[in-house]
Amino acid sequence: MAAAAGTERARIVIAGGGLAGLSLALALKRALGDGLDVVMCDPALTRDPHGDRRSFAIAAAARRMFEALGLWDKVADKAQPILDMVITDSSLQDPVRPTYLTFEGTVEGEPFAHMVTSGDLMALLLDACRDSGVDLRPDGVKGFSVQGAHADVVLAAGGTISAALLVAADGARSRLREQAGIGWITWPYRQSGIVATISHERDHEGRAVEHFLPAGPFAILPLKDEVLADGTVRHRSSIVWTERSENVPALLESHPEDLLSELEKRFGLQLGGITFETRPQAYPLAFGVARSFVGERLALLGDAAHLIHPIAGQGLNLGLHDVAALAEIVTDAMRLGMDPGGADVLRQYERARRADITAMGIVTDGLNRLFSNDMLPVRLIRDLGLGLVDRMPGLKRFFISEAAGMRRSDVPRLLKGEAL
């Protein structure tokens, strides 16, 4: 294989060791092996990944990517398939929440999504990256400068790494995006997402529930049961509780029994008594998208490129689509002897991701504005729309395939379960 211009052996530096960054590092090393040096830089690499108790929905297309990377068998042991989904629309005070839309949770013979804890997935990705030869460095990236056919990546602790390509996976407040002069279009939603893991008496049976309430959606997402040391089975779910930001401090600072009472009003009694398994944490919600996903010798990945409302649970999956696209483009370029950080290669990545990200941003923003609204005429129109969709099997299949990330034929090979 020909080396990239100006390098003895191409090197890619990934700044940010989250789920997207680690997935990209693994994908590149599995595809190119010793033909590519991959360096992962993040001070958080020294932390115990299991400390992150957040949970994410892994869509079917992303599941296929992890299968192609040889990781899914281990992830599956810790993942809970979503077998069906129920959507309701009501006010908080309504004694009954009518179901307007239901989805069977399968597409092309497999669950459209699996729930997995971030810490479990992070730990598996870290182990796989180590085994594949990724250079994991617990150090931050302070900045970079482009020197012709390479970028000098400056580390926070001192020292410089020469790279054909720098990937900014350093989050929505990306320092590298800012240094590259790439604009960021953003607006706040004046909402916060409260996340926690809940224990409950009854089995969720793999059902996900989304209640559309005036303050925002309240999602109950099934997690894998936990078997305790005494053999007792603990039934668990993750919640994503969208609330007006001005109400959140008082909620989180209230007495635990009062907070649990507020949760019960939203959670309902269908799963019996509930308790907090993890301490609730709140995150401000906002929309954001970079004016460009690439710069000179730079590619943006995940939240550094885009930030969307969690109403459709697609934030992480959108980042994993970035991973699949960038890994394929870089791999194909290097096999042709091209420079992986060259402008023509990076333009391919920009073209591959712009339309998908723009469409998902518009959809999630519109859904949030439509459903976080208690005006009676708006409620009547949207409930009529939900009811019509529920009676149209073909349209339901379209939506579930879209959520699974498997509708389009031009998706990257990894998302089809094909190795690079």
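Coordinate-derived values only; no laboratory data. All figures in this text were calculated on a predicted structure; none of them were measured in a lab. Glycine also receives a Cβ, built like all others from the backbone with ideal geometry; neighbour counts cover every protein chain displayed.
Where only DSSP H runs of four or more residues are counted, the chain gives -11000 deg cm²/dmol as its mean residue ellipticity at 222 nm, each run worth -39500 (n - 2.57). Since only S145, V209, G105 are under comparison, the one whose Cα sits farthest along the positive direction of the charge dipole of the range 75-234, derived from C-beta charges on Lys, Arg, Asp and Glu, is S145. Looking at the chain as a GNM with Cα springs under 10 Å, which of G17, G119, G181 has the largest mean-square fluctuation? Top of the fluctuation ranking is G181.
List residues of the range 88-102, by number, whose backbone nitrogen lies under 14 Å from a label position 7 Å along Cα→C-beta of V378. The answer is 90-91, whose backbone nitrogens lie closer than 14 Å to the label point. Taking only Cα atoms, what is the 0 to 90° angle, nearest 10, from helix 256-267's long axis to the longest principal axis of the chain? The angle comes out at about 90 degrees. Between T160, T232, T88, the residue with the greatest mean-square fluctuation in the GNM of the chain (Cα pairs under 10 Å linked by springs) is T232.
Each Lys and Arg contributes +1 and each Asp and Glu -1, all at the Cβ; summed about the Cα centre of the range 1-124, the dipole is approximately 360 debye.
Using only Cα atoms, find the angle between the long axis of helix 118-132 and the longest principal axis of the chain, and express it within 0 to 90 degrees, rounded to the nearest 10. Its long axis makes an angle of about 20 degrees. Put in line by how crowded their Cβ is, counting other Cβ atoms within 10 Å and starting with the fewest, S254, S199 read S254, S199. For E277, neighbours were defined as the other residues whose beta-carbon sits under 11 Å from its Cβ, and their charges (Lys and Arg +1, Asp and Glu -1) total +3. When Rg and Dmax are taken over the Cα atoms of the range 119-274, they come to 22.2, 63 Å.
How charged is the neighbourhood of A250? Take every other residue with its Cβ under 12 Å from the Cβ of A250, and add Lys/Arg as +1 and Asp/Glu as -1.
Numbers: positive: R244; negative: E243, E246, E253, D258, E262.
Net charge in that neighbourhood comes out at -4.
Note on K142: lysines with a C-alpha under 29 Å away, same-chain residues under 8 apart excluded, are K29. Computed about its Cα centre, the charge dipole of the chain is approximately 860 debye, with only Lys, Arg, Asp and Glu carrying charge at their Cβ. For the range 312-355, the dipole from Cβ point charges (+1 on Lys and Arg, -1 on Asp and Glu) about the Cα centre works out to 120 debye, to the nearest 20.
Each 5 Å bin from 0 upward holds the following percent of the Cα-Cα pairs of the range 234-290: 4, 14, 28, 24, 14, 8, 4, 3, 1.
When each of L415, L126 is scored by the number of other beta-carbon atoms lying within 10 Å, the sequence from fewest to most is L126, L415. Here's the picture: charge each Lys and Arg Cβ at +1 and each Asp and Glu Cβ at -1 in the chain, and of Q191, V363, S90 the one pushed furthest to the positive end of that dipole is V363. Of the beta bridges in the chain, as assigned by DSSP with both residues counted there, near 75 percent are antiparallel. Local charge for H204 was computed over the other residues whose Cβ lies under 15 Å away, with Lys and Arg +1 and Asp and Glu -1, and equals -3. Listed peptides 335-341, 96-102 appear in the order 335-341, 96-102 once ranked by packing, highest mean of other Cβ atoms within 10 Å at the front.
Counting DSSP beta bridges in the range 1-150, what percent are antiparallel, to the nearest 5?
Looking only at bridges with both residues in the range 1-150, the antiparallel portion is about 65 percent.
Look at E253, E110, E178 and count the other Cβ atoms within 10 Å of each Cβ; fewest to most, that gives E253, E178, E110.
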